[in-house]
Amino acid sequence: MSIKDNILRFFFPALTWKLLARVSLIALFSYLFFGYFCIPLHIEGISMEPNYHDGSFNFCWRLRYLFSTPQRHDVVAVRFAGDRVMLLKRVVAFEGEQVEFREGKLLLNGRELNEPYVRNPCDWDLSPRIVRKDSIYVIGDNRNMPIENHVFGNAPIRRIVGVPLW
Amino acid sequence: MKLKYVILAGLAVAIGIVAAVTLLQSEDKRVKKQFRLLSDWALKDKEENLLATARRAQNIGALFAEKVEFNTHLAPFSGTLTPEEISGYAARSRSLFSTFDLKFYDFRIQFPERGTAEVNLTARAKGKMLNGELLNETHEVECRLTKVENRWLFSRFEVVEVLKK
């Protein structure tokens, strides 16, 4: 069989039951994998700059917390009504911990939290507050904006969908 | 003989289930259509003349019930409004933007009682104001629609606070 025949057979294979079964299996796997376990993400907005850029692409890995819970400094996807639109935020505190901003520094139980991922200094002030039951406290990495323009706070654990793949 | 009746009863139940599912689906579609209309009328993607702006605002108002309850932490929207007030507010708000786009995602529709639909969804508003400022707001919203003269009309909006500071 010539190379040309091989190429033609590769791109236009004979329509057999075996081929149809293979294509159906791949389609089903892709639908389940990318629809439920590894959801494609198009990142919009600057709240996670400079670590996640506006307009970049990623995947949300939903099985990350199947057998574990979010850890401090993890980046998580927080859902709204469903998983079509989500928030990408950084976990900074857990249930019962006290969170506070003083002159741009994030204080956890009164002590400054080391946040190497924050590159843009800010002058935020936020009175001390305790993280609610069954919640984690999430904030974006980019704090180079007025505090009232930044969406952050207590996120119920049940709203954590997964993590970005990279 | 008995088998015949069992088969007939089974068929009747199956037809009933199919009918109920079909009817509910069509109600689902009708409810979703109202959101699509709201999205269509709210859209602003080019310069509009005053007449078009007024018509769009009037069409937005026509999607709402006589009294609409807004329960949100977004200041200008709270309280009870009439369709006329909503039309006026829509006209004023849209005039502040050069482009505006309102989209709805992740619908969860329930019918707690006849003539009432409760919808949980994600609403996303994007736009560019005349002064160049960009708007990009996303909220989870609980909506109630009431069926009036065979039309689903918006009667309540409540914004769910996803992250509480």
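The values are calculated or read from the model by the stated rules, or taken from the named source; none is laboratory data. If you're wondering where the values come from, they're calculated on a predicted model, not measured in any experiment. Virtual Cβ from ideal backbone geometry, glycine too; neighbours counted across all protein chains shown.
Sort through B:GLU85, B:GLU118, B:GLU133, B:GLU66 and tell me the only one that's within 13 Å of another protein chain (Cβ to nearest Cβ) and either more than 30 Å from A:ILE139 (Cα to Cα) or touching a residue at least 60 places away in the same chain (Cβ under 8 Å) (or both). Show your work before the answer.
Working: B:GLU85 fails: within 13 Å of another protein chain (Cβ to nearest Cβ); B:GLU133 fails: either more than 30 Å from A:ILE139 (Cα to Cα) or touching a residue at least 60 places away in the same chain (Cβ under 8 Å) (or both); B:GLU66 fails: within 13 Å of another protein chain (Cβ to nearest Cβ).
Just a single option satisfies the conditions, and that option is B:GLU118.
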- Query: What pairs can you find where one residue is in the range A:138-158 and within 15 Å of A:PRO50 (Cα to Cα), the other is surrounded by 20 or more Cβ atoms within 10 Å (Cβ to Cβ) and among the basic types (Lys, Arg), and their Cβ atoms are less than 6 Å apart, with a gap of 6+ or different chains?
  - Reply: A:ILE139/A:ARG90; A:GLY140/A:LYS89; A:ASP141/A:ARG90
- Query: Out of curiosity, is B:ASP28 touching a Lys or Arg at 6+ places or on another chain (Cβ under 6 Å) and not small (Gly, Ala, Ser)?
  - Reply: no
- Message: So if I check each of A:ASP5, A:ASP83, which one is modelled with pLDDT under 95 and either more than 30 Å from A:LEU106 (Cα to Cα) or in a helix (DSSP H, G or I) (or both)?
- Response: A:ASP5
- Message: Can you confirm whether A:HIS73 is over 15 Å from A:VAL163 (Cα atoms), surrounded by 11 or more Cβ atoms within 10 Å (Cβ to Cβ) and at pLDDT 95 or above?
- Response: no
- Applying the selection to the range A:63-78, what residues are more than 24 Å from A:LEU106 (Cα to Cα) and either in contact (Cβ under 8 Å) with a residue 60 or more places away in the chain or under 10 Å from the mean Cα position of the chain (by Cα) (or both)? A:LEU63, A:ARG64, A:TYR65
- Within the range B:39-62, how many residues are touching a helix residue (DSSP H, G or I) at 6+ places or on another chain (Cβ under 6 Å) and under 18 Å from B:ARG124 (Cβ atoms)? 3
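Any residue in the range A:86-101 that is within 28 Å of B:ASN136 (Cα to Cα), in a loop (DSSP other than H, G, I, E, B) and either out of contact with any Lys or Arg (no Cβ under 9 Å at 6 or more places or on another chain) or not hydroxyl-bearing (Ser, Thr, Tyr) (or both)? Can you show your working first?
Narrowing the range A:86-101 to residues within 28 Å of B:ASN136 (Cα to Cα): A:86-93, A:99-101.
From what is left, the residues that are in a loop (DSSP other than H, G, I, E, B) are none.
Within the range A:86-101, not a single residue is within 28 Å of B:ASN136 (Cα to Cα), in a loop (DSSP other than H, G, I, E, B) and either out of contact with any Lys or Arg (no Cβ under 9 Å at 6 or more places or on another chain) or not hydroxyl-bearing (Ser, Thr, Tyr) (or both).
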- First in the range A:40-62 and touching a residue at least 60 places away in the same chain (Cβ under 8 Å) and in a loop (DSSP other than H, G, I, E, B), second anywhere and of a type in the set (Asp, Glu) and surrounded by 17 or more Cβ atoms within 10 Å (Cβ to Cβ), Cβ under 7 Å, 6 or more apart: A:MET48/A:ASP141; A:GLU49/A:ASP141; A:ASN51/A:ASP141
- Message: Could you tell me how many of the residues in the range A:125-166 are surrounded by 15 or more Cβ atoms within 10 Å (Cβ to Cβ), within 11 Å of another protein chain (Cβ to nearest Cβ) and under 26 Å from A:GLY104 (Cβ atoms)?
- Response: 17
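Do you know which of the residues in the range B:85-112 that are exposed (fewer than 13 other Cβ atoms within 10 Å of the Cβ) and modelled with pLDDT of 95 or more is nearest to B:ASP40 (Cα to Cα)? I'd like the intermediate steps shown before the answer.
Of all residues in the range B:85-112, those exposed (fewer than 13 other Cβ atoms within 10 Å of the Cβ) come to B:92, B:108, B:110, B:112.
Still in the running and modelled with pLDDT of 95 or more: B:108, B:110, B:112.
Numbers: B:ARG108: 20, B:GLN110: 23, B:PRO112: 27 Å.
Looking at the filtered set, the residue picked out is B:ARG108.
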- Message: Go through (1) surrounded by 15 or more Cβ atoms within 10 Å (Cβ to Cβ); (2) within 14 Å of another protein chain (Cβ to nearest Cβ) for A:GLU95 and report which single condition fails.
- Response: (1)
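Results for (1) surrounded by 20 or more Cβ atoms within 10 Å (Cβ to Cβ); (2) within 14 Å of another protein chain (Cβ to nearest Cβ), shown as yes or no for each residue.
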site	(1), (2)
A:ALA77	yes, yes
A:GLY82	no, yes
A:ARG102	no, no
A:LEU108	no, no
A:LEU113	no, no
A:ASP123	no, no
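If only one of A:GLU100, A:GLU148, A:GLU112 is within 23 Å of the chain's Cα centre (by Cα) and among the acidic types (Asp, Glu), which one is it?
On the way: A:GLU100 fails: within 23 Å of the chain's Cα centre (by Cα); A:GLU112 fails: within 23 Å of the chain's Cα centre (by Cα).
A:GLU148 is the lone residue from the list that is within 23 Å of the chain's Cα centre (by Cα) and among the acidic types (Asp, Glu).
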- Message: Take B:GLU158 and tell me if it is buried (at least 18 other Cβ atoms within 10 Å of the Cβ), within 20 Å of A:ARG79 (Cβ to Cβ), charged (D, E, K, R) and out of contact with any Cys (no Cβ under 7 Å at 6 or more places or on another chain).
- Response: no
- Restrict the check to the range B:136-145 and report whether at least one residue is loosely packed, with under 14 Cβ neighbours inside 10 Å and not in a strand (DSSP E or B). no
- Picking from B:VAL148, B:VAL68, B:VAL119, the residue that is out of contact with any helix residue (DSSP H, G or I) (no Cβ under 9 Å at 6 or more places or on another chain) and either more than 21 Å from A:VAL85 (Cβ to Cβ) or buried (at least 18 other Cβ atoms within 10 Å of the Cβ) (or both) would be B:VAL148
